[in-house]
Amino acid sequence: MATEAITTHRMLASVLTKTIHDQRRALVWWTLGLIGTAAMYAAIYPSVRANAETLNRFVKSMPEWLRTSFLSTSQDYTSPAGYLHTELFSWLAPLLLLVYAIGAGARAIAGEEERRTLDILLTTPLSRRRVVTDKFLAMVAGTGVLAAVLWAAIAGLGAPFDLRPDLLKFAAAVASTFLLALAFGSIALAAGCATGRRGLSVGVTSALAALSYLMDALLPSLKSLAWVQRLSPFHYYADHEPITNGLDPLHAVVLLAIAGAAFAVALWSFERRDLAA
Amino acid sequence: MADVILAERLTKWYGKQRGVLELDFSVHQGEVFGYLGPNGAGKTTTIRLLLDLIRPTSGRATVLGMDARRDAVEIHGRVGYLPGEFALYENLTGAEYLAHLAALRGTSDLRYARTLADRLDLDPSMRIASLSHGNKQKVGLIQAFMHRPELLVLDEPTQGLDPLIQQEFYRLISECRADGRTVFLSSHVMPEVERVCDRVGIIREGRLVAVEDIGELKAKEMRTIDLHFANPVPPTAFEGLPGVREVTAEGDRIRCTVVGHVDALVKAAAAFEVVDLVSHEPTLEEIFLAFYGKGERGGD
């Protein structure tokens with residue numbers, strides 16, 4: 001009998017490392033997907049550049065609300081920063097990182113609870129707070145890895161196609177995307193901690209994200225409702241165009257505060273709740 | 001004797017659904033305490049209250065002298081727990097799972113875990129997803145025993161284990177008792193509790209209806225015995241014997257109900273040619289009948 005197989009395992013030394021260990025295959029696939037996405041964006045860029053005049057004329061003909069919602073206010077659409085702001089950061093980059101973070105956040109506690117692996121985990125000498133914190137940190141790490149991959153893929157694959165954004169400001173835009181994903185991932189974690197239901201947490205958080213996106217993108221076109229935009233986390237994500245202006249500390253703090261508040265709710269609600277049998 | 005578990009008016013309601021009601025009992029150090037009741041009686045609820053997985057509606061519990069609620073983390077460090085229904089991390093091997101839990105318990109000493117895997121005949125190198133129910137149960141048992149806890153809380157521990165492994169499990173329980181450690185074990189089958197426990201608490205519809213010494217329980221235990229003789233035997237040969245009740249005869253067969261020891265019945269039967277003797281284990285319902293003279297619905 002191969003009982004000597006029972007040996008210590010560095011990646012299984014804590015809930016944090018074990019959760020990352022569980023994600024290793026998924027992270028490889030996400031990485032490949034992000035590299036493919038970056039390659040596609042890079043490969044299309046030369047043709048955008050070649051048709052700059054036509055495209056810019058088209059952009060100018062767009063209604064104002066559409067332009068302000070999705071296009072850079074200060075950069076030419078066909079510049080690297082303008083292109084990335086409009087094509088990558090206006091939807092696909094936040095979408096991808098949000099999908100990952102919301103999934104990880106919802107799965108963290110509610111996933112284990114639904115699969116019935118939580119009872120044994122929580123009868124080890126780890127407090128509930130400690131387990132939630134480790135799960136939260138694993139989500140932060142996974143999302144961070146994907147953000148870094150996105151940055152590196154565009155930085156590496158863009159250059160041969162003349163897609164050469166200012167790498168520091170591009171990093172700021174990626175960081176802002178990361179913070180946005182963190183905010184929604186933490187909300188999903190809190191929903192999972194409070195309800196123990198993974199599907200519900202994914203659904204509610206995704207709906208909230210979609211609503212926030214629309215609030216930020218469409219409502220400003222109605223002047224009287226412009227203030228509503230400020231309620232949307234998306235407003236603090238890219239409305240200040242980090243790819244042009246760098247990260248606005250105040251906006252970054254708002255996103256961090258949302259994540260922090262949601263994390264606090266996760267700790268608090270999980271601490272005081274009965275676990276599902 | 002120190003109380004390792006002390007429940008005081010421990011009550012749990014799930015909304016309007018009954019969990020357990022005003023439980024008062026104590027489990028002493030070094031004993032094996034059986035917690036017996038039909039499914040749905042509240043056994044798992046009690047155990048999850050003791051381990052702070054759920055919180056009481058009223059009343060309290062003390063485990064190893066500490067408050068079950070406030071000191072849960074410290075209690076968990078000194079308790080081994082096997083849930084009644086649980087899942088393991090399917091993507092890990094048994095070995096990885098055990099190493100993970102050992103690490104969370106702050107130890108890298110896995111020698112006893114290896115010994116247990118050997119004794120329970122588990123191949124820990126297999127991925128948990130590919131293990132049978134019985135083998136998953138073994139992994140669950142090992143994680144409960146492997147840190148040699150002062151108190152073991154086992155919810156229906158033998159479900160899914162084949163008989164040989166059950167024997168090994170009973171030996172593990174005996175070893176715990178010999179070490180002065182305490183075991184709290186729930187079950188819905190009487191023979192298991194009789195076999196390994198010193199005392200038994202009987203729970204029914206959320207209430208603890210009795211806490212008995214196993215010896216006393218056996219003395220009161222009622223069972224049905226079927227005797228098959230070579231020739232017809234008059235039932236009068238058995239009527240009125242000590243402990244024997246309700247004798248019915250049908251040709252060469254006699255069926256009777258016996259409370260306590262079967263000695264008198266067996267000696268009386270020996271006067272005739274016995275073809276076969278079958279003793280039926282009492283169901284929980286029969287035990288309740290013997291104890292309280294009322295059936296499942298007559299309790300409250």
*Can you tell me which of A:Ala266, A:Ala262 is away from chain B (no Cβ under 14 Å) and either under 30 Å from A:Ser79 (Cβ atoms) or under 16 Å from the mean Cα position of the chain (by Cα) (or both)?*
A:Ala262
*Restricting attention to region A:6-26, which residues are of a type in the set (A, V, I, L, M), assigned to a helix (DSSP H, G or I) and in contact with a Lys or Arg (Cβ under 9 Å, 6 or more places away or on another chain)?*
A:Met11, A:Leu12, A:Val15, A:Leu16
*Say whether the condition of being over 16 Å from A:Leu163 (Cα atoms), of a type in the set (S, T, N, Q) and more than 24 Å from the chain's Cα centre (by Cα) is met by at least one residue in region A:30-51.*
no
*Residue in region B:119-140 that is nearest to the other protein chains (Cβ to nearest Cβ), counting only those that are aliphatic (A, V, I, L, M) and within 20 Å of B:Asp155 (Cβ to Cβ)*: B:Leu122
*Inside region A:73-151, counting only helices (runs of 4 or more DSSP H) that do not spill past its ends, which hold 1 or more residues that are within 14 Å of chain B (Cβ to nearest Cβ)?*
A:112-115, A:118-121
_Residues (assigned to a helix (DSSP H, G or I), closer than 13 Å to B:Ile128 by Cβ and more than 7 Å from chain A (Cβ to nearest Cβ)) located in region B:92-114_ = B:Gly94, B:Tyr97
*Give me the pairs: first residue in region A:204-216 and in a helix (DSSP H, G or I), second residue surrounded by fewer than 17 Cβ atoms within 10 Å (Cβ to Cβ), beta-carbon distance under 6 Å, and six or more apart or on different chains, which are they?*
A:Met215/A:Val228
*Somewhere in region B:25-44, is a residue within 12 Å of chain A (Cβ to nearest Cβ) and part of a helix (DSSP H, G or I)?*
yes
*Since B:Leu208 meets every condition but one in (1) surrounded by 18 or more Cβ atoms within 10 Å (Cβ to Cβ); (2) at pLDDT below 90, which condition does it not meet?*
(2)
*Name the pairs: first residue in region B:183-196 and more than 17 Å from B:Val27 (Cβ to Cβ), second residue polar (S, T, N, Q) and at pLDDT 90 or above, Cβ to Cβ under 9 Å, at least 6 apart or on different chains?*
B:Val189/B:Thr158; B:Glu192/B:Thr158; B:Glu192/B:Gln166
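Residues are listed down the side, and each one gets a yes or a no for (1) under 30 Å from B:Arg148 (Cβ atoms); (2) loosely packed, with under 15 Cβ neighbours inside 10 Å; (3) within 18 Å of the chain's Cα centre (by Cα):
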{"position": "B:Glu175", "(1), (2), (3)": "yes, yes, yes"}
{"position": "B:Asp198", "(1), (2), (3)": "yes, no, yes"}
{"position": "B:Ile202", "(1), (2), (3)": "yes, no, yes"}
{"position": "B:Ala219", "(1), (2), (3)": "no, yes, no"}
{"position": "B:Val233", "(1), (2), (3)": "no, no, no"}
{"position": "B:Arg245", "(1), (2), (3)": "no, yes, no"}
{"position": "B:Val258", "(1), (2), (3)": "no, no, no"}
*surrounded by fewer than 16 Cβ atoms within 10 Å (Cβ to Cβ), without any contact (Cβ under 8 Å) to a residue 60 or more places away in the chain and closer than 13 Å to B:Glu31 by Cα: does that describe B:Asp226?*
no
*Would you check if there is a residue in region A:240-247 being of a type in the set (D, E, K, R) and more than 30 Å from A:Ile120 (Cα to Cα)?*
yes
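Quick grid of which residues meet (1) buried (at least 20 other Cβ atoms within 10 Å of the Cβ); (2) over 27 Å from A:Arg198 (Cβ atoms):
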site	(1), (2)
A:Trp91	no, no
A:Leu96	yes, no
A:Arg129	no, no
A:Ala138	yes, no
A:Ala141	no, no
A:Ala147	yes, no
A:Trp151	yes, yes
A:Gly158	yes, yes
A:Asp166	no, yes
*What number of residues within region A:122-140 are under 16 Å from A:Leu12 (Cα atoms) and of a type in the set (Gly, Ala, Ser)?*
1
*Which of the residues spanning region A:52-68 are within 28 Å of the chain's Cα centre (by Cα) and either of a type in the set (Phe, Trp, Tyr) or buried (at least 19 other Cβ atoms within 10 Å of the Cβ) (or both)?*
A:Trp65
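The values are calculated or read from the model by the stated rules, or taken from the named source; none is laboratory data. In this text, all values refer to a predicted model and were calculated from it rather than measured experimentally. Positions of Cβ are backbone-derived with ideal geometry, glycine not excepted, and every protein chain shown enters the neighbour counts.
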